[in-house]
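Here the structure is laid out as structure tokens; the discussion comes afterwards.
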Amino acid sequence: MTEATGPLAGVKIVDMSTVVLGPFATLILADLGAEVIKIENGTGDVMRRAGPSPAPGMGPIFTALNRNKKSIQLDAKTDEGKAALTELLKDADVFFHNVRLAGMERLSFAYDDVAKINPDIVYVHCAGYGQGGAYEKRQAYDDLIQVASGFSDLLKLRDGGDPAYIPSLIADKTVGLYAVYATIAALFHKERTGEGQFVQVPMFETFTFFHMVENLYGETWLPGNGRMAYTRSINVNRKPYATADGYIGLVPYSDDQWELFFQIGGRPEVFSDPKFATYEARTENVGELYGIIGEVAKTKTTDEWLELLDEAEIPVMGFNSNLEVLTDQHLKDVGFFEERLHEIGHSYRAMKHPVAFSRTPANIRSEPPVLGQHTEIVLSQLGLGGTFD
């Protein structure tokens with residue numbers, strides 16, 4: 001395994017998370033240099049079996065989420081498994097999981113139990129719902145959090161009809177990012193004081209916080225006016241605009257940019273209309289404004305718009321399909337996608353860690369592990385042998 005170069009090099013994380021939220025968080029921590037030891041039971045993380053793969057247990061989402069990790073196969077319900085997990089935790093900096101607390105209490109690995117093993121541990125629990133609330137004991141998945149947080153109401157507010165899910169595991173990944181910063185913040189406190197602590201990252205509260213930053217809107221100041229959701233983002237005309245030969249994304253923002261855009265588009269009279277002449281007026285009349293943009297966009301080709309708006313320094317981007325993203329010139333220039341050869345004998349596409357550090361760059365040190373790949377070597381280093389699953 002290549003040496004870790006990231007800012008978290010030397011940090012040891014014992015990871016009992018599965019599916020997407022937790023593994024997304026520990027992927028980032030691993031990219032940043034942490035040693036992540038992934039604990040899996042007999043069948044392994046369920047995402048191993050989600051989607052097509054050239055070998056059993058290496059599904060595409062699992063592959064994307066679990067590089068730079070060591071896979072240890074053990075069952076914490078058995079005496080041997082408990083003993084092995086206990087040894088792993090003795091010198092760990094972080095214990096990270098998304099198992100419900102009642103389950104961890106039954107296993108004798110709740111925070112109080114683990115703090116007896118390692119008093120300085122940072123114990124990170126990704127929960128569905130925070131302790132003390134009406135939903136505390138319920139299960140949580142991305143769909144359920146989109147529903148409960150009001151996020152799935154956004155498309156209903158915009159389009160009418162039924163509420164709908166955003167076609168992305170956006171709650172899982174967003175809450176995973178919060179779990180990353182929470183873990184690093186607790187590690188920073190530990191570095192300064194020597195103190196570990198219990199950290200809970202509840203999906204419902206966290207994603208509601210994320211969602212409501214702009215969508216609390218008219219209910220921010222009391223008494224509220226009942227108008228929820230930011231008028232710009234909720235507008236039905238906020239979408240890629242059809243050009244004469246394709247689609248484009250464009251966002252004039254300042255007064256000068258709006259005035260220049262309509263001049264370029266042959267509609268200079270639009271900006272002189274009081275409904276569109278100021279930021280406040282455009283916010284209130286954004287639906288009509290975006291409708292006019294849609295009309296103007298059709299008058300030129302995508303390449304013509306890109307050339308004209310780039311020259312005018314008006315924010316613009318060409319539309320990419322998902323497949324076209326794979327050949328995007330900018331991503332090629334920065335080496336974002338990398339072809340790597342996995343130990344199973346097949347090549348796969350990996351994405352470079354997106355954040356740049358001048359002194360402690362993130363790096364890819366090892367491929368996503370096959371189930372239990374590192375059990376023997378890691379546990380033998382602890383003086384343990386035998387079967388743990």
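Some notes on this structure:
- Unit charges on C-beta of K, R, D, E only; dipole of the chain, Debye: 880 debye
- Peptides 196-209, 325-338, ordered by how many other C-beta atoms sit within 10 Å of their residues on average, highest first, read 196-209, 325-338.
- Residue-normalised accessible area of the stretch 37-128, given per residue in Å² at a 1.4 Å probe: 40 Å²
- Note that the stretch 105-115 has calculated 3J(HN,Hα) couplings of 5, 5, 7, 6, 10, 6, 4, 4, 5, 5, 5 Hz, one per residue in order, obtained from phi through the Karplus relation 6.51 cos²θ - 1.76 cosθ + 1.60 (θ = phi - 60°); glycine and proline are x.
- Karplus (6.51, -1.76, 1.60) ³J(HN,Hα), θ = phi - 60°, over the stretch 186-197, in Hz, Gly and Pro reported as x: 5, 5, 5, 4, 5, 4, 7, 10, x, 8, x, 6
- Highest-MSF residue in the chain out of Ile292, Ile170, Ile364 [GNM, Cα springs under 10 Å]: Ile292
- Hits among lysines - C-alpha to C-alpha of Lys352 under 18 Å, sequence gap 8 or more where chains match: Lys69, Lys173, Lys332
- Cα lying deepest toward the dipole's positive end in the stretch 234-387, options Val355, Leu379, Asn322, charges on Cβ: Leu379
- Rel. contact order, % - alpha carbon contacts under 8 angstrom, at least six apart, the stretch 33-86: 38 percent
- Here the convex hull built on the C-alpha positions of the stretch 1-122 has a volume of 107 cubic angstrom per residue.
- Expected-Rg normalisation [2.2 N^0.38 Å, Cα atoms] applied to the chain: 1.17
- Considering only Tyr247, Asn225, Thr174, and ranking their Cα positions along the charge dipole of the chain that arises from unit charges at the beta-carbon of Lys, Arg, Asp and Glu, the one farthest toward the positive end is Thr174.
- Projected over every direction and averaged, the convex hull enclosing the alpha-carbon atoms of the stretch 121-220 yields 7.9 nm².
- Overall, the accessible surface of the stretch 236-330 at a probe of 1.4 angstrom is composed of carbon and sulfur to the extent of 53 percent.
- Here the spin labels are modelled as points 7 Å beyond Cα on the Cα-Cβ line, and at Glu376 and Asn41 they lie 2.5 nm apart.
- By average C-beta atoms within 10 angstrom, highest first, the peptides 253-259, 175-181: 175-181, 253-259
- Long-range amide H partners of Ala127 with built H, under 5 Å: Val201, Met203
The values are calculated or read from the model by the stated rules, or taken from the named source; none is laboratory data. Just so it is clear, the model here is predicted, and its values are computed rather than measured. Cβ atoms come from the backbone with ideal geometry, glycine included; neighbour counts cover every protein chain shown. With ligands, DNA and RNA removed, areas are computed over all heavy atoms of the protein, side chains included. Shrake-Rupley method; radii C 1.70, N 1.55, O 1.52, S 1.80 Å.
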